[in-house]
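**Student:** First the structure, which I've put down as structure tokens, then a few questions once you've had a look.
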Amino acid sequence: MHSFEESEEECPTLDVSVDPIHAGEVTKASQSLKNGKAALISHIQPKYSTAVIPELADLYSDIWKSRKIASEWKNGIVIPLPKKGNCSNVGGVLLCCQYQTVFSCILLGRI
């Protein structure tokens with residue numbers, strides 16, 4: 001078993017922005033969602049989210065600062081789907097709140 005306390009190597013650091021989340025990041029992440037697709041669990045189409053981008057930026061910044069998310073964002077529905085050409089090879093699709101998906105896109109963009 002590896003002991004991380006006595007490791008001779010330094011852990012790599014990630015250059016992750018800790019600045020508040022701004023409206024441009026929310027817009028970019030929202031635009032990455034495809035219109036015409038399922039409205040996800042929140043039942044709101046992505047194209048309608050653009051009206052609340054400033055409020056979402058404030059919400060996401062508060063979440064980022066406090067490091068606490070809504071308990072609903074910790075859940076999702078996994079739909080198993082067979083991959084093309086091979087029914088024994090199964091992948092999955094996660095259905096979750098649209099705002100959770102946007103927040104995840106923002107975080108991935110910062111890494």
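**Student:** Suppose we keep only residues that are surrounded by fewer than 14 Cβ atoms within 10 Å (Cβ to Cβ) and under 23 Å from residue 69 (Cα atoms) within the range 1-21. Which one would you say is modelled with the lowest pLDDT?
**Tutor:** Checked the range 1-21; the qualifying residue modelled with the lowest pLDDT is 14.
**Student:** Looking for something at pLDDT 75 or above and either closer than 18 Å to residue 104 by Cβ or surrounded by fewer than 10 Cβ atoms within 10 Å (Cβ to Cβ) (or both) - is there at least one such residue anywhere in the range 38-50?
**Tutor:** no
The values are calculated or read from the model by the stated rules, or taken from the named source; none is laboratory data. Here the structure is a predicted model, which means the values were calculated and not measured. For neighbour counting, all protein chains shown are included, and Cβ atoms are generated from backbone atoms with ideal geometry for every residue, glycine included.
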